[in-house]
Amino acid sequence: MDVYRSPLLDRPGAVEATEPDEGVAAHYGDPFREQRRLVAGEGAVDLSHRGVLRVSGPERLTWLHQMLTQHVEHLEPHRATSALFLDANGRVEHALYGVDDGEAFWFHLERSSAEPLRDFLEKMKFWSQVEITDVTDEYAVVWEPATEPAAAHLSRVTVRGRDVFVPRAELAAYVTEPAGVWAHEALRIEAREPRQGLDTDDRTIPHEVGWIGTAVHMDKGCYRGQETVARVHTLGRPPRRLVLLHLDGSVDTLPEHGAPVELDGRTVGTVGSAARHHELGPVALAVVKRNTPVDAQLLAGGVAAAQEVVVDPEAGLHVRAQLR
């Protein structure tokens, strides 16, 4: 497979990101300034390394509704949604972020997930009137802090900003004030939003990372993995829980992805995403065992860390897991 390289890496000061964001810029010379610009509502982040799939056909929404964790059967055009595909045991296989334009459902996801998910959807078509197309080579994703639809392109608008689906031929011209993915990741971590593959693993269930209510609809019909979702929702107490870590700012390095989170010499979890925030300092998301005391001081990859609860240890029917 060809190695992707964004044309925006030719901009002055661009420094390429590392896995899983290789192919786009980590920053353009001043990550903190780029963060502040995004917070002020200026600039855009090149996410053109993400995969983009398009599902068209008159039965697309009813067909997707049967498989997704989200209620999309009557999804209104241009209304943003997020959803998951689970395995039979309720573990997260794919996380997607989508919008329907009235003719097709567009969504983006981690690039490594695009081909496996397209292949799975092809096998699930049967006689449904749908067409699945991988349009990653034709369309790129750009994130902007603006919260109004993009004038010229399809966009997915949320409370934090918008994902714009831009034809790749127009990418370089569209992004006039670029900010790198380091800035984007720092703001994502601040918002307590997990990212598949970084803040999840092959055992993750939606409750553990706060996807109940944001990517999982609790009042829809059957889908693969629903039994686990319903059981944990009813009984509460998911095995693990997402936390925000405030890291010791006197340490020069950030804990690596997958580094152990320790309490009194015992491993109680792992570090997911880590970044340097322009106001909060070094922060990270981590998944720890449910019974880890919520006020315990932890070590994340050897770095002292204070935890902030994202998912309540008792999360379930009476204590809903939420991301702020």
- Message: For the chain, what does the relative contact order come out to in percent, with C-alpha contacts under 8 Å and a separation of six or more?
- Response: 18 percent
- Message: Once neighbouring chains are kept in place and the probe is 1.4 Å, which whole percent of the accessible area of the chain is contributed by carbon and sulfur?
- Response: 49 percent
- Report ³J(HN,Hα) in whole Hz for each residue of segment 177-182, in order, from the Karplus equation J = 6.51 cos²θ - 1.76 cosθ + 1.60 where θ = phi - 60°; Gly and Pro get x. 10, x, 10, x, 5, 4
- Of A306, A88, A104, which has the largest mean-square fluctuation in a 10 Å C-alpha GNM of the chain? A88
- Taking only protein heavy atoms into account and a 1.4 Å probe, give the accessible area per residue of segment 239-311 in Å². 44 Å²
- Query: Along segment 96-103, what does the Karplus equation 6.51 cos²θ - 1.76 cosθ + 1.60 (θ = phi - 60°) give for ³J(HN,Hα), rounded to whole Hz, x for Gly and Pro?
  - Reply: 10, 10, x, 7, 9, 9, x, 10
- Message: What is the distance in Å between the Cα centroid of segment 235-267 and that of segment 64-118?
- Response: 29 Å
- Message: So if I place +1 on the C-beta of Lys and Arg and -1 on the C-beta of Asp and Glu, and nothing else carries charge, what would the dipole magnitude of the chain be about its Cα centre? I want it in debye, nearest 20.
- Response: 880 debye
- How high is the relative contact order of segment 51-134, in percent, with contacts defined as C-alpha pairs under 8 Å that are six or more residues apart? 40 percent
- Query: Which shape class applies to segment 155-278: rounded if a/c is under 1.5, otherwise prolate when a/b exceeds b/c and oblate if not, where a ≥ b ≥ c are the square roots of the Cα gyration tensor eigenvalues?
  - Reply: oblate
- When a/c is below 1.5 the answer is rounded, else prolate if a/b is larger than b/c, else oblate, so apply that to segment 239-311 with a ≥ b ≥ c taken from the square roots of the Cα gyration tensor eigenvalues. prolate
- Query: What residue among F126, F107, F85 has the largest mean-square fluctuation in a Gaussian network model of the chain, using Cα springs under 10 Å?
  - Reply: F126
- Note on the structure: When the chain is treated as a Gaussian network with springs between alpha carbons less than 10 Å apart, the largest mean-square fluctuation among S56, S273, S250 is found at S250
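The values are calculated or read from the model by the stated rules, or taken from the named source; none is laboratory data. Keep in mind the model is a prediction, meaning the values are calculated, not measured. Quick reminder, even Gly has a Cβ in these numbers, built from the backbone with ideal geometry, and neighbours come from all protein chains shown. Ligands, DNA and RNA are stripped out before the accessible areas are found, and what is left, the full protein with its side chains, is counted by its heavy atoms. Shrake-Rupley method; radii C 1.70, N 1.55, O 1.52, S 1.80 Å.
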